[in-house]
Amino acid sequence: MWLLEQLAPYRGVHRLVRTWHLDGTVDALALRSAWRTLLDRHEALRTRLIEVDGAPVPLVSTDTESAFVHVDLGHLADAERTRAADRVCVAAASVPERATDTPLARLTLVRIGPTTHRLVLALHRTVADDRSISIIADELSICYAAAVRPDADGPALAPVLRYAEYARWQRDLVDGPAGRRLLDWWTRELTPLPPSVPLPTDHDGAARPAGPAGLLSFDWGTALADRLATYCRTRPANPAAVLLAAVQAVLHRYGDDDQVTVVMPVPVPPPGFPALVGPCDNLLVLTGDLGGAPTFDEAVDRAAAVLRAATAHRDLPFARLVQELPVDRDPGRVPFCDVLLAVPGPEAELRLTGATVAPTAVTDAGPTVADLAITVRRTWPSLAGTLGYRADRFASTSAEGLLGQVRTLLSAALDAPHTPLHRLPLDVAAVAGAIDEDPSVEPLTVHEIVRRHAVRTPDAVAVAGPDGRWTYRELDRRAEAVAEYLRGLPVDGAPVAVRMTPGPWQLAASLGILRAGGHLVWFGTGDAGQRGQAILAELRPVCLLRSGEDPDDDLARWYRDELDGRLVDVTCLPRPPAKPVPAPTDDLSRTAYVAYTSGSTGRPKGIAHTHRAFAQFVTWMADALELAPGARVAQWVTPEHDPSLCETFATLVGGGTLHPVPVRIRVHPEKLADWLVRERVTFLQTVPSFAREVLAVVAAREPADRPTGLRRLVLMGETLSDQLVNGFRRVLPATRLANIYGPTETIAATWHDITGPVPANVPIGRPIPGRQVLVLDEADQPCPTGVTGELVVRSRYVCDGYLGDGAGRQAAFRAPAGGPDDDSDLRWYRTGDLARRRWDGALEFRGRRDHQVKLLGTRVELADVEAALAAHDGVADCAVVPVTDQDGLVVRLTAYVVPRRGPDGDPLAGAAQWRAQLRRRFGGAMVLVAFETVPDQLPRTVAGKVDRRRLPAPRSASARRATGNPVEEGLAEIWSALLGTGPYDAEVSFFGAGGHSLLVPVLVQRIRRRFGVTVPLRECFTHNTLAGMAALVEAERTAHDRSVPADSADLRAVTDAME
């Protein structure tokens, strides 16, 4: 507990607080005397911790006066007294804060009036536990009665044991044969190590500033308390086991592992001394197995068996267990302590002679060693308690929602205990129902809407680029020339390929195809390779439109020679005379375009979308993203990727102006930033990995040289980090960002309009109109809030299967079992993406099942690792892949990193800094990452995503490196003296060599003596290898003048005196 306060003070205060309301006469002097008697009896209440050579040492004080505070508010006006009493009680409950404070046990009496008082007892958990509260209340009652009426007979106080004797008893037990048997049992129980609990967090704790822990109080009412009591009586069952089963059942829904671990504090008093006050509780690691779809009754039986077995072996201190097991040492996390459940027994009542005593609500959060700490008390006649949570990881709404899920499941389980756990409700999940449509959307095709602009605003500029500046009138005429030619082939209902760079001719060709009744398939002018040939062979387009002759166009030549295809140069078509615009006769259910997946996971799949779907989406996009007249839209996305179609036609539908990005600058951040300024672009759509490069360039410039006219930045296609969003908001505060998500099969599915700083994971938002997006589990049931499942889209705008699928719709388009009977035009698409619904209703992307790996028993989402790496200033781009052994087990990860370089061309960071970044984010598990430096850029598909198949093969693990400099050799000597082991490889961790958490402060002190510098305690957990610690020492030497090690003789004298 002392160590946790040094490493993570934001985790909350380890404090117990009880408050009572007193009606009647209270003798303050008698109460002071009674409290002094308790302090004299229990030396633990007078103890605080001091640091000696990096280790905590208890120091017992003889001062008892400061431990009692009497505040008299009688001089205040009646109306002010209650408010003042509230303030005093809050202040009294806020101390002590740290184990080094004094006193660590304090009793505060607040006099409000002659017969009205409040009493506050505040204890630090290093001097007391929950069991101690009852002892203190009982003994304080006895001593007060004796002080008020010295001549009256009363109960005698029980014999008391000094806490030092208890510590000796525990040490002898642990170091003896019984302790070895206990350790063997726990080692068997926890081998292999249970997985961490995948909690639905809102924030990355490592990236958040330190702050106070959160606390929620709850009261589940008398009805639930009575039903719990009835269930426990009739089954029979221990209430703690029932509550444990309920909590584990909720946590089980958050992940894929059947093993769910919860820690529970239990008292461990020495035999024969029930009146001992002090921290005599211990944490039990309770791992429940919820495999096999058990009922709630069965889950309770399993929880009870685990709890009985663990309680029988409770005498082994939790700290000793952690020292002996190969657990990760994360400075911000206590091993196994993701979730804590405390179910303390009933407390003794405080009785003060001459007064009526009424306890008020308990406000301590239980032991705050866990990310979530649930304390449930049977407070007659109700069931109440608190939830303490890490505010750097959870929003208050999420903590409250999670607590509500425990209550909902427990309530449902008590009503139907024979129900399988996975069928018990957690909350009201989103189910298939009515779909919101935009009533303002007219039933028109895209080309008809664009034609209306040509009539209404003929002189407005439609496109401006290297190939010319065309108005809507000119674009309309050129498009009609293409349409006239194609009508003569004919192309009605047939595909027509367009292979051009973005620009006016590409637009004219595309609109002409749509007017002639054909449907589009776009190609860029780069190397299309086998993918392009496969698409043309499947589609067999009527013709391929180009703008000019290109003798080096291998794809066009292959299409002509192998498929006997027709090549058409649209620049040579005659311009028809202006004529009246014909009335629209298009069927919205006909195909408008065909897009293809990248083919990174196999053969490209063709996806046809109708005019209805296409027009609906681009109309929404133009309206939502303000692509109105005056908008200057960069055509950045390559034509092979369907967002290029969307941004292009949304601009034309909205009446804006397209600015094609020249090919030569498209992937060059410096040149693109210049171009954005020069062209006064107001809208840019790109992928986060490239946006990160642009941000670095823009941030390095003076404000006057930045593209401040950029009103909208849309990011899509990849996971979006909060660091990237907040970076753009700092550098370009007037630019509004949006995150768009959706597979090609649905055009898009959700969007999140970012209107302020992002303090957490960036969600993919809410459904785009015309779509319903559900999160379903493996049984096709809606997932509760916070639970990860597959994203499934239901819409009339989902494509009708893949082209060329002779067997009909594939499994990806299968409707959920038991789903609603939809109309024929409502379809389903299973994205294969994982997501969860947050408590605010927004959806959060959680990766893909095929991008999850299990590393040393822990599920790791590769996208999370990539996002953490990408947030480092020294990383320009990255991709992470798993490396398996001959048995197919993942043994490590390989991170391919394109380093960001400085003006001199040298990388800004290397593997050591990147590994430290991952350790800060994920803890010790991420040390199993090897780094491969990629000089220029990662291979990408035509969709702009990383092509993992083309990444170079990872190198074999590098040879072990011995210590190579005096600092490492000096550290190795310190390690050897502390651990009794050696020699050490430079990359071995302190904990892997046999160290444990409590030795780290001692290590820091010895480093200070040896090298004359003080390395930060927390950093020793993060940089825990020999080489990492040596780098810390060198950094401190560089930052500070070498200092003479302080003389600790005075501290040693204190230690000798205490011993």
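The values are calculated or read from the model by the stated rules, or taken from the named source; none is laboratory data. Because the structure is predicted, anything quoted here is derived from the model rather than measured. Cβ: placed from backbone, ideal geometry, glycine included. Neighbour counts: every protein chain shown.
Each residue in segment 745-766 was checked for being surrounded by fewer than 20 Cβ atoms within 10 Å (Cβ to Cβ), touching a residue at least 40 places away in the same chain (Cβ under 8 Å) and within 25 Å of PHE617 (Cβ to Cβ), and 2 pass. Only one of the numbered conditions (1) in a loop (DSSP other than H, G, I, E, B); (2) touching a strand residue (DSSP E or B) at 6+ places or on another chain (Cβ under 7 Å); (3) not aliphatic (A, V, I, L, M) is violated by ARG302, and that is (1). Here the condition is being assigned to a strand (DSSP E or B), touching a helix residue (DSSP H, G or I) at 6+ places or on another chain (Cβ under 6 Å) and at pLDDT 90 or above; of VAL463, VAL450, it holds for VAL463 alone.
Counting only residues that are touching a His at 6+ places or on another chain (Cβ under 9 Å) and part of a strand (DSSP E or B), segment 738-765 holds 5 of them. Of the helices (runs of 4 or more DSSP H) lying entirely inside segment 466-547, those containing at least 3 residues that are closer than 23 Å to VAL455 by Cβ span 472-487, 504-515.
For segment 626-684, name all the residues that are of a type in the set (Val, Ile, Thr) and modelled with pLDDT of 95 or more. Of everything in segment 626-684, those that are of a type in the set (Val, Ile, Thr) and modelled with pLDDT of 95 or more turn out to be VAL633, THR648, THR651, VAL653, THR657, VAL661, VAL677, VAL681, THR682. Just one residue in the set GLY804, GLY808, GLY786, GLY857 is modelled with pLDDT of 90 or more and at positive phi; that residue is GLY786. Contact map, segment 225-244: residues that are under 19 Å from PRO381 (Cβ atoms) paired with residues that are assigned to a helix (DSSP H, G or I) and among the aromatic types (Phe, Trp, Tyr), Cβ distance under 8 Å, separation 6+ or inter-chain. Pairs shown: VAL242/TYR231.
Let's see how each residue does on (1) over 33 Å from the mean Cα position of the chain (by Cα); (2) more than 20 Å from ASP873 (Cβ to Cβ):
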{"residue": "ALA631", "(1), (2)": "yes, yes"}
{"residue": "PRO643", "(1), (2)": "no, yes"}
{"residue": "ALA650", "(1), (2)": "yes, yes"}
{"residue": "HIS659", "(1), (2)": "yes, yes"}
{"residue": "ARG678", "(1), (2)": "yes, yes"}
{"residue": "VAL687", "(1), (2)": "no, no"}
{"residue": "ALA691", "(1), (2)": "no, no"}
{"residue": "LEU695", "(1), (2)": "no, no"}
{"residue": "VAL698", "(1), (2)": "no, no"}
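Restricting segment 632-664 to residues that are of a type in the set (D, E, K, R) and within 26 Å of ARG701 (Cβ to Cβ), which is surrounded by the most Cβ atoms within 10 Å (Cβ to Cβ)? Result: GLU647.
Could you check, for segment 484-495, whether at least one of its residues is in the same structural domain as THR571 (by TED's automatic domain parsing), at pLDDT 95 or above and in contact with a Pro (Cβ under 8 Å, 6 or more places away or on another chain)? Yes: segment 484-495 contains one or more residues that are in the same structural domain as THR571 (by TED's automatic domain parsing), at pLDDT 95 or above and in contact with a Pro (Cβ under 8 Å, 6 or more places away or on another chain).
Among the residues of segment 1020-1028, at least one is small (Gly, Ala, Ser), crowded, with 16+ Cβ neighbours inside 10 Å, at pLDDT 80 or above and within 26 Å of VAL322 (Cβ to Cβ). Are any of the residues in segment 67-74 modelled with pLDDT under 90 and not assigned by TED's automatic domain parsing to the domain that holds ARG1006? Yes: segment 67-74 contains one or more residues that are modelled with pLDDT under 90 and not assigned by TED's automatic domain parsing to the domain that holds ARG1006. Identify, by number, the condition in (1) surrounded by fewer than 22 Cβ atoms within 10 Å (Cβ to Cβ); (2) not in a loop (DSSP other than H, G, I, E, B) that VAL667 doesn't meet. Only one criterion is unmet by VAL667, namely (2).
Filtering segment 597-607 to residues that are at pLDDT below 90 and either within 16 Å of GLY493 (Cβ to Cβ) or under 33 Å from the mean Cα position of the chain (by Cα) (or both) leaves THR597, SER598, GLY599, SER600, THR601, GLY602, PRO604, LYS605. For segment 141-184, the set of residues classified as of a type in the set (Phe, Trp, Tyr) and over 48 Å from the mean Cα position of the chain (by Cα) consists of TYR144 only. Listed by first and then second residue, the pairs linking a residue in segment 673-687 that is of a type in the set (Phe, Trp, Tyr) to a residue that is crowded, with 18+ Cβ neighbours inside 10 Å, with Cβ atoms under 6 Å apart and 6 or more places separating them unless they lie on different chains, are PHE683/ALA631; PHE683/VAL633; PHE683/ARG712.
Per-residue answers, yes or no, for (1) surrounded by fewer than 20 Cβ atoms within 10 Å (Cβ to Cβ); (2) at pLDDT 85 or above; (3) in a helix (DSSP H, G or I); (4) assigned by TED's automatic domain parsing to the domain that holds ASP184:
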| site | (1), (2), (3), (4) |
| --- | --- |
| THR261 | no, yes, no, yes |
| PHE273 | yes, no, no, yes |
| LEU284 | no, yes, no, yes |
| ARG308 | yes, yes, yes, yes |
| LEU321 | no, yes, yes, yes |
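Suppose we keep only residues that are assigned to a strand (DSSP E or B) and among the hydrophobic types (A, V, I, L, M, F, W, C) within segment 18-38. Which one would you say is farthest from ARG377 (Cα to Cα)? Filtering segment 18-38 for residues that are assigned to a strand (DSSP E or B) and among the hydrophobic types (A, V, I, L, M, F, W, C), the one farthest from ARG377 (Cα to Cα) comes out as LEU22. Residues that are in contact (Cβ under 8 Å) with a residue 24 or more places away in the chain, crowded, with 18+ Cβ neighbours inside 10 Å and assigned to a strand (DSSP E or B) are absent from segment 196-211 altogether. Residues in segment 113-140 that are out of contact with any strand residue (DSSP E or B) (no Cβ under 7 Å at 6 or more places or on another chain) and farther than 30 Å from LEU283 by Cβ: GLY113, PRO114.
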